[in-house]
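Read the structure below first, then the notes.
The values are calculated or read from the model by the stated rules, or taken from the named source; none is laboratory data. Worth saying up front: this structure is predicted, and the values here are computed from it rather than measured. All Cβ positions, even for glycine, are placed from backbone atoms using ideal geometry, and neighbour counts span all protein chains on display.
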Amino acid sequence: MQERYNPAEVEAAARQDWQARDAYRVIEHAVDANGQPKPKFYACSMLPYPSGKLHMGHVRNYTINDMMARQLRMRGYNVLMPMGWDAFGMPAENAAIKSKVPPAKWTYDNIAYMKKQMQAMGLAIDWSREMCACDPDYYKWNQWLFLKMLEKGIAYRKTQVVNWDPVDQTVLANEQVIDGRGWRSGAPIEKREIPGYYLRITDYAEELLDQVQNGLPGWPERVRLMQENWIGKSQGVRFAFTHTIHDHDGQLIQDGRMYVFTTRADTIMGVTFCAVAPEHPLATHAARNNPELAAFIEACKLGGTTEAEMATREKEGMRTGLVVTHPLTGDDVEVWVGNYVLMSYGDGAVMGVPAHDERDFAFAKKYGLPIQDVIAVQGKTFSTDAWQEWYGDKQQARTVNSGKYDGLDHQATVDAVAADLAAKGLGEKQTTWRLRDWGISRQRYWGTPIPIIHCEHCGPVPVPEKDLPVVLPDDLIPDGSGNPLAKHEAFLSCTCPSCGKPARRETDTMDTFVDSSWYFMRYTSPGNDQAMVDSRNDYWMPMDQYIGGIEHAVLHLLYARFWTRVMRDLGLVNFDEPFTRLLCQGMVLNHIYSRKNEQGGIEYFWPDEVEDIHDAKGVIVGARLRSDGSAVQYGGIGTMSKSKNNGVDPQSLIDSMGADTARLFVMFASPPEQTLEWSDSGVEGAHRFLRRLWGLCHAQQAALRDLGPEQADWSQADSTTKTLRREVYGQLKQADYDYQRIQYNTVVSACMKMLNTLESAALPDTPIARQGMADALGVLLRVLYPVVPHVTWLLWRELGYQQRHGDILDAPWPQVDEAALVADEVELMLQVNGKLRGSILVANGTPKPQIEQQAAGHEAVVRFLEGRPVKRVIVVPGKLVNVVG
């Protein structure tokens, strides 16, 4: 064993051994040494996008998973930890446009490099199960299940509104539209309606909601709430405002009814305006002869169309000049176009009740619209000066200014209003959902081809199952002028499976959420080219622990839950929920530096490219490039990401200090579910700890290596050895608890305390003391091994533990020796008349009368009582003794 710790040599030796033995290959139905089945445990991290390099967020995520897998393996579990690649998507296309190489080459080159980085981290991954979303052997099953869903009516085709970039000739996702312009071209974005394929996730809405409300106990509450809100079940009333507005052909628009949905029918008498979406037929009609309104509607169509964007967008509107009729009062109600109203939500129209809806209140104040209060809360006074939270209260509210409904509470008013609307044939109670069917069509190249053939005679025709997969050409290079599949005749040209006439393939590809909705099940059934999953999936699933970022808490998890249920209903799996427990690890944070480029886009810089500028108090107020001194903007602390150039390259850290240092730092610096702020000094501290560990083991090598396997009689040990064992086993007990609750930062803390204990122990040079050191150090190495597997693997071998306990990968997890936790002597605080005057040592188990006698005769008691007799002695077992005189 070398005197100095050399992480590169240590880690290379460990990885070479693990690879030679294929140490992490996992089989189903594994048994222990006694032939008994091992309990299975499936722990999986969300698969990465192969962007080029791992970042420290990846390191943190995978180290959490790795710690769990290694520790459970030592506890006798059959543990699966797989890995794959979420390889389709826009970044590869963007890189291809920039570098003029096919996305396939860029993707596979990145995969090779990132896989090498993962292996350098020492992750206990079973690479025999690796999957890649852009592999035809994988996406074949995306296509296969899509066709099954098409047969069952779960998949269907309809038109959809998309963001169209007229310069790049492509559809953009909402997040690619910045201030109404394409993120790359800068061109104003147009809204276009084009056909696409949808999946009926709404058919499963009730089941998905019920389970997230009443099941999933292993999920964080905040994630369950996010899922519940996204599904968004609302019970209310759908009703119509009537009108006599005719289109240019003389027909009543929408049969003379403008429908809205509300959960607050108790406020219907407070309606002072209505707002419709820019795409609403009434808005289109009103704009025909109103150029100003037409321009406003076009401006509304710029930008994204998600509800999240609508919530943050400044609320703007314009009068249409149209009126509709209030269904209960018969009064005219103005119709406005509102940029915050979504055509895809409900009927694309909302009733405006500014007195009791905060958004409507702001809108009415902005445009001078009437505000009529129709609910009251006892002890509260309504004013139109400023919005107050109680205006929206429905728990304590009573209806006012509402005629026959005055005095009713919320539910009674809703029931009465619904009944009156139903009697008029204008409305009824209804349950609505925020959740919308999942549109999976993407007008992009790098994705799973949708297996549809378009025939002039037969229409859209599914690709026969025997012809799957429809293989995506992997040698095309996007140039920013639209989907290259639309120009690739070899892909486009085909024969109609129904009539045999010439036809064309669908050029849309699937949303990449499809790829990630079931990959975790493909890990369980690798190599099966005849089935999507097989009986091995029944062994491993549902997954025991899923680990990933909170940013995936809604869509990815919701789609995976939906996809699992579809597979269940098709007889492919026998469970409802895919993930038993969920851990959302916190983000890794670092400084952000940027500035706008000449095109108006944002350019980010790596922290090592800039020099900070501080104020008089040392606060960073700006920065400049080291290369030319030009100014850049300091953006504070934010999430590490490749897009912001503020990540720390794990490979550089591994090369300089070793993977174990990186792992130790990210586990110690913060609890797994909280954010972690990067600290160079913290990394250096982690490296010092490993050097200290190495130094201790080197110093103990000669004394420990030749110890036999026999168990010592610890009752005969000296007090110093007993103290060492008591402290180490106490720390083991805490570490055990922290492993179970996934508080890995305090596991590392316990290991640091163990090392401090071992370093400071002044043991005599006796066989039992050496055995005590060996026992305690063996505990430390095993507890620390899941965190830093390379160095502990080598130290375990060098100190001879392998001969006594086997390889550390499968060494039995140390059990707490409860006898070691019992001290021979107990220190009791000594009080005289309630004031602390010292302490006394008593043998463990000393009877109370004897403790009282010993305390009463203590010199401090004699001194502070000053000759007064002892009146009584109060003993608090294990803590203190108070002498009263």
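Looking across Val787, Val861, one residue alone is in contact with a strand residue (DSSP E or B) (Cβ under 6 Å, 6 or more places away or on another chain), more than 20 Å from Met1 (Cβ to Cβ) and either of a type in the set (Phe, Trp, Tyr) or buried (at least 16 other Cβ atoms within 10 Å of the Cβ) (or both). It is Val861.
Within the option set Asp569, Asp608, Asp615, Asp576, being in the same structural domain as Val533 (by TED's automatic domain parsing) and either more than 26 Å from the chain's Cα centre (by Cα) or more than 30 Å from Ile64 (Cα to Cα) (or both) holds for one residue only, Asp569. For first residues located in segment 802-823 and in the same structural domain as Ser719 (by TED's automatic domain parsing) and closer than 13 Å to Arg75 by Cα, partners that are part of a helix (DSSP H, G or I) and small (Gly, Ala, Ser) and lie 6+ apart or on another chain with Cβ distances below 8 Å form the pairs Pro814/Gly778. Restricting attention to segment 405-412, does a residue exist that is under 27 Å from Glu314 (Cβ atoms), surrounded by 18 or more Cβ atoms within 10 Å (Cβ to Cβ), touching a residue at least 12 places away in the same chain (Cβ under 8 Å) and not aliphatic (A, V, I, L, M)? The answer is no; no qualifying residue exists. Return a yes/no flag: does segment 764-773 have any residue that is buried (at least 24 other Cβ atoms within 10 Å of the Cβ), farther than 22 Å from Val79 by Cβ and more than 40 Å from the chain's Cα centre (by Cα). Checked against the condition, which is being buried (at least 24 other Cβ atoms within 10 Å of the Cβ), farther than 22 Å from Val79 by Cβ and more than 40 Å from the chain's Cα centre (by Cα), segment 764-773 yields at least one hit. Among the residues making up segment 609-641, those that are over 13 Å from Ser594 (Cα atoms) and charged (D, E, K, R) are Asp615, Lys617, Arg626, Asp628. Of the residues making up segment 456-468, one or more are crowded, with 21+ Cβ neighbours inside 10 Å and at pLDDT 95 or above. Among residues of segment 501-542 being touching an Asp or Glu at 6+ places or on another chain (Cβ under 7 Å) and free of Cβ contacts under 8 Å to residues at least 24 places away in the same chain, the one that is nearest to Lys40 (Cα to Cα) is Ser525. For Tyr42, are the conditions met, namely being crowded, with 19+ Cβ neighbours inside 10 Å, under 21 Å from Asp807 (Cβ atoms), at pLDDT 95 or above and among the aromatic types (Phe, Trp, Tyr)? No, not satisfied.
From the list Thr792, Thr746, Thr757, the lone residue that is over 30 Å from Val26 (Cβ atoms) and either crowded, with 22+ Cβ neighbours inside 10 Å or among the polar types (S, T, N, Q) (or both) is Thr757. Scanning segment 801-844 for residues that are polar (S, T, N, Q) and either within 23 Å of Ala750 (Cβ to Cβ) or in a loop (DSSP other than H, G, I, E, B) (or both) yields a count of 3. With respect to the conditions (1) surrounded by 22 or more Cβ atoms within 10 Å (Cβ to Cβ); (2) over 30 Å from Pro542 (Cβ atoms), Gln251 lacks only one, and its number is (1).
The sole residue among Leu208, Leu199, Leu172 that is among the aliphatic types (A, V, I, L, M) and more than 17 Å from Asp511 (Cα to Cα) is Leu208. Counting only residues that are in a loop (DSSP other than H, G, I, E, B) and basic (Lys, Arg), segment 399-429 holds 1 of them. Hey, does segment 19-38 have a residue that's touching a residue at least 40 places away in the same chain (Cβ under 8 Å) and farther than 20 Å from Arg73 by Cα? No; the residues of segment 19-38 include none that is touching a residue at least 40 places away in the same chain (Cβ under 8 Å) and farther than 20 Å from Arg73 by Cα. Without any contact (Cβ under 8 Å) to a residue 60 or more places away in the chain and either buried (at least 17 other Cβ atoms within 10 Å of the Cβ) or within 27 Å of Pro7 (Cα to Cα) (or both): which single residue out of Leu693, Leu704, Leu724 fits that description? The conditions single out Leu724. If you go through segment 243-272 and pick out every residue that is over 17 Å from Asn401 (Cβ atoms) and either in contact with an Asp or Glu (Cβ under 8 Å, 6 or more places away or on another chain) or not assigned by TED's automatic domain parsing to the domain that holds Gln395 (or both), you end up with 5. So if I check each of Tyr156, Tyr197, Tyr138, which one is assigned to a helix (DSSP H, G or I), at pLDDT 95 or above, in contact with a strand residue (DSSP E or B) (Cβ under 7 Å, 6 or more places away or on another chain) and not hydrophobic (A, V, I, L, M, F, W, C)? That would be Tyr138, the only listed residue that is assigned to a helix (DSSP H, G or I), at pLDDT 95 or above, in contact with a strand residue (DSSP E or B) (Cβ under 7 Å, 6 or more places away or on another chain) and not hydrophobic (A, V, I, L, M, F, W, C).
Which residue is nearest to Cys584 (Cα to Cα), if the candidates are limited to segment 665-712 and must be at pLDDT 90 or above and assigned to a loop (DSSP other than H, G, I, E, B)? If we take residues in segment 665-712 being at pLDDT 90 or above and assigned to a loop (DSSP other than H, G, I, E, B), then Glu673 is nearest to Cys584 (Cα to Cα).
The residue pairs whose first member lies in segment 543-567 and is on the phi < 0 side of the Ramachandran plot, whose second member is basic (Lys, Arg) and part of a helix (DSSP H, G or I), and whose beta carbons are closer than 9 Å, counting only pairs six or more residues apart or on different chains, are Ile550/Arg222; Ala553/Arg222; Val566/Lys148; Val566/Lys152.
When residues in segment 474-513 are screened for being within 28 Å of Lys98 (Cβ to Cβ), outside any helix (DSSP H, G or I) and hydroxyl-bearing (Ser, Thr, Tyr), 3 of them pass. Any residue in segment 847-868 that is within 24 Å of Ser719 (Cβ to Cβ), part of a loop (DSSP other than H, G, I, E, B), in contact with a helix residue (DSSP H, G or I) (Cβ under 9 Å, 6 or more places away or on another chain) and not assigned by TED's automatic domain parsing to the domain that holds Arg726? No, because not a single residue in segment 847-868 is within 24 Å of Ser719 (Cβ to Cβ), part of a loop (DSSP other than H, G, I, E, B), in contact with a helix residue (DSSP H, G or I) (Cβ under 9 Å, 6 or more places away or on another chain) and not assigned by TED's automatic domain parsing to the domain that holds Arg726.
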